[in-house]
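Here the structure comes first, spelled out in structure tokens, and everything after it is commentary.
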Amino acid sequence: MARIVRHDKNRPYVIEVGDQKVAICACGLSKKKPYCDGTHRITWDEPEGTLSAYDEQNIRRLVRLVDENGALVDIPSSYPLE
């Protein structure tokens, strides 16, 4: 079963390991995970408040969430803590 994973960050996490800086993927699109390969740049112009999905060729599709009756559902701005 496929699942949608939401990534809100469009820049990598940068950590220091000794005297080196390492960029860790935070957008979920890198082909070199866990390392950043710069693919996050394609997310910079995503429209605010929308949900986007990318295929293997990094082609973006806007995703609309609907309930069981076909009514449009707002995208939550954050997830509740459990």
> If you scan the range 1-54, which residues turn out to be out of contact with any Phe, Trp or Tyr (no Cβ under 9 Å at 6 or more places or on another chain), within 19 Å of residue 77 (Cβ to Cβ) and among the β-branched types (Val, Ile, Thr)?
Replying inline: 4, 5, 50
>> I'd like to know if the range 23-36 contains one or more residues that are at pLDDT 95 or above, part of a strand (DSSP E or B), at negative phi and among the aliphatic types (A, V, I, L, M).
In response: yes
>> Going by what's in this entry, would residue 42 be described as at pLDDT 95 or above, surrounded by 10 or more Cβ atoms within 10 Å (Cβ to Cβ) and not in a loop (DSSP other than H, G, I, E, B)?
In response: no
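The values are calculated or read from the model by the stated rules, or taken from the named source; none is laboratory data. Keep in mind it's a predicted model, so treat the numbers as computed, not measured. All Cβ positions, even for glycine, are placed from backbone atoms using ideal geometry, and neighbour counts span all protein chains on display.
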